[in-house]
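K.L.:
One structure, as structure tokens, below. Some questions next.
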Amino acid sequence: MTAFADLLSEAGLTGADCLAVADKGFASEGDFALLSELGLSYVVPLRRGNRFTRGRIPSGPAGWDDALAHDGRGISCMTLPQEGFNIHVYLDTEPCHHEFSDACARVEGANDARAARREAEARREAEARRRSRGSGRPGDEQLAALAPIDVADALGDRSEMGTVTIRTDRTDLSARAVYEVHEQRQAVEQFFKTYGDTLGMDATWMRSDEATEGLLFLNHLSATIATAILEAIAAAGHSRDVSYRDCVQMLRKVRACRTPDGWRAVPVQRKVGALCEKLGVDPTDLSLLGGQDVCQPNT
């Protein structure tokens, strides 16, 4: 975040044809002023409890302006116009349910821990009474720490559970369009996750700037191909049971051999064939291996 201004200046991203989509770490007034100074429009989420939405989020489904469908889920939304920009608030019931369940589980877990401490304290008190006739009782602070937690009081205001607040100066965009633009960040996050975790390219080990720049270019191409593979796995509906590493390790075994009659696909192992069937890949298709013009003995 401290290098944000320098990065924008070096990249030369100025003008109304660019739209900056960032995360909530860049939601400071200084960053918004910088983006405006450079002429960049922005779509940036805000932290919960911000001054724009505090006390203005509806407590029930009837108070929202509109609703939209995204990824098979219904999302309520509302727009709070401001001077020069809009504040869009979205309620996604699925994460709201998960947040509420997690909060309840954490409070109940704390109650269970306090119950265990009370039981241990009771045993210690009984032993103390037997030895010194009532000495060693817990003080007020200890008693307060052992008291059960009221779940409703501990959860407090639940109006912001499952909500996302987005600020944008593109007042011409609808709440639906702003949400869809913001959700595109997920593809960028997936790209960097693939780059660092899946491909292990987070360290260069290069000794010069020129070598580093060349390696980064090749890494970018590799990460682009890897991300396309992940998208193909998702399109086939096997994101849960097929990984990128599975594809690399298994599909590299799909080969062709040169015979007097020309190139022929080598029969694949059963596991490789099962993976190809899942992904809709024909292991006997020589075009996937480069074709006769490419499959030379030394390639």
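K.L.:
If you keep only loop residues by DSSP, which chymotrypsin sites (Phe, Trp or Tyr not before Pro) in segment 155-222 have at most 10 other Cβ atoms within 10 Å of their Cβ? Spell out each step's value before the answer.
P.N.:
Details: sites: TYR179, PHE191, PHE192, TYR195, TRP205, PHE217; in loops: TRP205.
Within segment 155-222, the qualifying chymotrypsin sites (Phe, Trp or Tyr not before Pro) (loop, at most 10 other Cβ atoms within 10 Å) are TRP205.
K.L.:
Mind ranking ILE225, ILE87, ILE57 by accessible surface for me, highest first, 1.4 Å probe?
P.N.:
Numbers: ILE225 105, ILE87 0, ILE57 20 Å².
Largest accessible area first, the list is ILE225, ILE57, ILE87.
K.L.:
Then there is this: Could you tell me which trypsin sites (Lys or Arg not before Pro) in segment 149-257 are loop residues by DSSP with no more than 16 other beta carbons within 10 angstrom of their beta carbon? Provide the component values of the computation, followed by the final result.
P.N.:
Details: sites: ARG158, ARG167, ARG170, ARG176, ARG185, LYS193, ARG207, ARG240, ARG245, ARG252, LYS253, ARG255; in loops: ARG158, ARG170, ARG207, ARG240, ARG252, LYS253, ARG255.
Here the sparse-neighbourhood loop sites are ARG158, ARG170, ARG207, ARG240, ARG252, LYS253, ARG255.
K.L.:
Let me ask you something else. Can you give the extra length, in nm with one decimal, that the chain gains between ARG73 and ALA203 once fully stretched, where that is 0.36 nm per residue apart less the Cα-Cα distance?
P.N.:
Values: separation 130, 0.36 × 130 = 46.80 nm, distance 3.86 nm.
Value of the extension gain: 42.9 nm.
K.L.:
A follow-up question, please. Under the 0.36 nm per residue contour assumption, what length would be gained going from the current alpha-carbon distance of CYS257 and ASN219 to full extension?
P.N.:
Details: separation 38, 0.36 × 38 = 13.68 nm, distance 3.01 nm.
Using 0.36 nm per residue and subtracting the Cα-Cα distance, I get 10.7 nm.
K.L.:
What FRET efficiency would be calculated for the residue pair GLU37, ALA265, taking the C-beta separation as r and a Förster radius of 41 Å, to the nearest 0.05?
P.N.:
Numbers: r = 59 Å, r/R0 = 1.45.
So, using R0 = 41 Å, E works out to roughly 0.10.
K.L.:
OK, next. Which loop GluC sites (Glu not before Pro) in segment 13-97, with loop taken from DSSP, have no more than 14 other Cβ atoms within 10 angstrom of their Cβ? Could the numbers behind the result be given before it?
P.N.:
Numbers: sites: GLU29, GLU37, GLU83; in loops: GLU83.
Passing both the DSSP loop test and the Cβ count: GLU83.
K.L.:
Grab the Cα-Cα distance for ARG47 and GLN249, subtract it from 0.36 nm times how many residues apart they are, and report the gain in nm with one decimal. Don't skip to the answer; put the middle values down first.
P.N.:
Details: separation 202, 0.36 × 202 = 72.72 nm, distance 4.19 nm.
Gain in length upon complete extension: 68.5 nm.
K.L.:
Taking the Cα centre as origin and putting +1 on Lys and Arg beta-carbons and -1 on Asp and Glu beta-carbons, what dipole magnitude results for segment 1-112, to the nearest 20 debye? Before the final figure, lay out the partial values.
P.N.:
Values: 8 positive and 17 negative charges, 77 e Å.
Its charge dipole is roughly 380 debye.
K.L.:
Answer rounded, prolate or oblate for segment 181-226, using the Cα gyration tensor with square roots of eigenvalues a ≥ b ≥ c: rounded when a/c is under 1.5, else prolate when a/b is larger than b/c, else oblate. Walk me through the intermediate numbers first.
P.N.:
On the way: a/c = 2.58, a/b = 2.20, b/c = 1.17.
It is prolate, given that a/c is not under 1.5 and a/b is the larger ratio.
K.L.:
As I understand it, the dipole of segment 1-75 uses +1 on the Cβ of Lys and Arg and -1 on the Cβ of Asp and Glu, about the Cα centre. Which of PHE26, GLY74, ILE57 lies farthest toward its positive end?
P.N.:
It is ILE57.
K.L.:
Considering only protein heavy atoms, with the full assembly of protein chains and a 1.4 angstrom probe, order MET206, MET201 by accessible area, largest first. It would help to have the intermediate numbers written out before the result.
P.N.:
On the way: MET206 80, MET201 30 Å².
Final ranking, largest accessible area leading: MET206, MET201.
The values are calculated or read from the model by the stated rules, or taken from the named source; none is laboratory data. No experiment lies behind these values; they were computed from the predicted model shown. Every residue, glycine among them, receives a Cβ derived from its backbone with ideal geometry; neighbour counts consider all protein chains shown. Just the protein is used for accessible areas: all its heavy atoms, side chains included, with ligands, DNA and RNA removed. Shrake-Rupley method; radii C 1.70, N 1.55, O 1.52, S 1.80 Å.
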